[in-house]
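Please treat every number below as a calculation from the coordinates, not as lab data. Predicted, not measured: the structure shown is a model, and the values here were computed from it. With ideal geometry, Cβ positions are generated from the backbone for all residues, glycine too; neighbour counts draw on all protein chains shown.
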């Protein structure tokens, strides 16, 4: 089975800090995604990447950036964390062709104080 | 603008009953309709999916019904069990863009509680 691993299950940061959320997948997937999940708002796409060094903005990219230097790793960066970025962050990946199934990590619950 | 509308927001069902969650979409270009199941503390996982060339797909106790003309699809959970208590998301996708650039459009989710 595909494994999508997020580096931290819980994270507490202070306002203004730079925050890195790491995601690694082990199945050579080309597409990787970062979502945030908030009660009543469902899953909102922040950024996605369809190849190494490629990235595309999702629906709510403001305040975030991403990095994909290696195929298996996709990092989400909060340049200057704010309290409204307190949320559950979910990473997902999938194959490029003929396979639309998304594999999710277990999520990182980020609290910004 | 939300392109996939999911209802109800929450649902309580007795053990053994039928759970029904509905989704409606707007974009007629959508050609893939998955349902994801999420347990507390876990990421969503694909439960079942359907393409518009069929009107129904069944996997065990889970069935998707698809109505292309009405632009609606629904998830039916037969003989609902307490272990089915989770959040369910519907989604839709088009492959009309270049293969790398597809992305899922999600419903807002339904929290299902099955009482013992």
Could you calculate the FRET efficiency of residue A:54 with residue B:61 from 1/(1 + (r/R0)^6), where r is the beta carbon distance between them and R0 is 45 Å, rounded to 0.05? 0.65
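Round to the nearest 0.05 the FRET efficiency obtained for residue B:94 and residue A:12 when R0 = 41 Å and r is the Cβ-Cβ distance. All intermediate terms of the calculation are to be shown ahead of the outcome.
Numbers: r = 39 Å, r/R0 = 0.95.
FRET efficiency, residue B:94 to residue A:12: 0.55.
Pulled fully out, how much extra length does the chain show between residue A:70 and residue A:1, if you take 0.36 nm times their separation in residues and subtract their Cα-Cα distance?
Details: separation 69, 0.36 × 69 = 24.84 nm, distance 2.07 nm.
Taking residue A:70 through residue A:1 to full extension adds about 22.8 nm, to one decimal.
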I want to verify a result. In a Gaussian network model of chain B, Cα cutoff 10 Å, which of these has the top mean-square fluctuation: B:40, B:82, B:52? B:40
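Projected area of segment A:4-112, taken from the Cα convex hull and averaged over every viewing direction, in nm²?
Details: hull surface 25.0 nm².
The directionally averaged projection comes out at 6.2 nm².
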Relative contact order (percent, whole number), segment A:4-112, Cα cutoff 8 Å, 6+ residue spacing: 36 percent
